[in-house]
Amino acid sequence: MKQEKELLEFPCDFPIKVMGFADPQFASTIGELVKEFDPLFNPETIARRPSKQGRYEALHIVVHATGREQLDSIYMALTHHPMVKVVL
């Protein structure tokens, strides 16, 4: 049986981009969601970038990933959140 080689070495800092409709509570809501999976995450570190017309907002988040299961859980929670349109 072959063992798959991990592409990432854990623990590591892992960037995530989250996009959704522009809303004053978007960044803080997503920050609190991420904090559930990474208790050391500081929501104040979220970089925000509005779209040209201001209808959407992109958030750049860096989590301290401790393992693949944690990252999978974060991605699942983000993709199922009603404020989120895309997670990269």
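Structure above, values below:
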{"read-out": "MRE, 222 nm, helices only [DSSP H, n ≥ 4, -39500 (n - 2.57), over the chain, to nearest 500]", "value": "-8500 deg cm²/dmol"}
{"read-out": "Assigned charges on the beta-carbon of Lys, Arg, Asp, Glu; the chain dipole about Cα centre (debye)", "value": "480"}
{"read-out": "Share of alpha-carbon pairs per 10 Å distance bin for region 21-87, given as whole %", "value": "21, 56, 21, 3"}
{"read-out": "Cβ-defined net charge surrounding Pro15, 14 Å radius [Lys, Arg +1; Asp, Glu -1]", "value": "0"}
{"read-out": "Between 0 and 90°, nearest 10: helix 26-37 axis offset from the chain longest Cα axis", "value": "20"}
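No lab work stands behind these numbers, since they all come straight from the coordinates. Computed from a predicted structure; not experimentally measured. All Cβ positions, glycine included, derive from the backbone under ideal geometry; neighbour counts span all protein chains shown.
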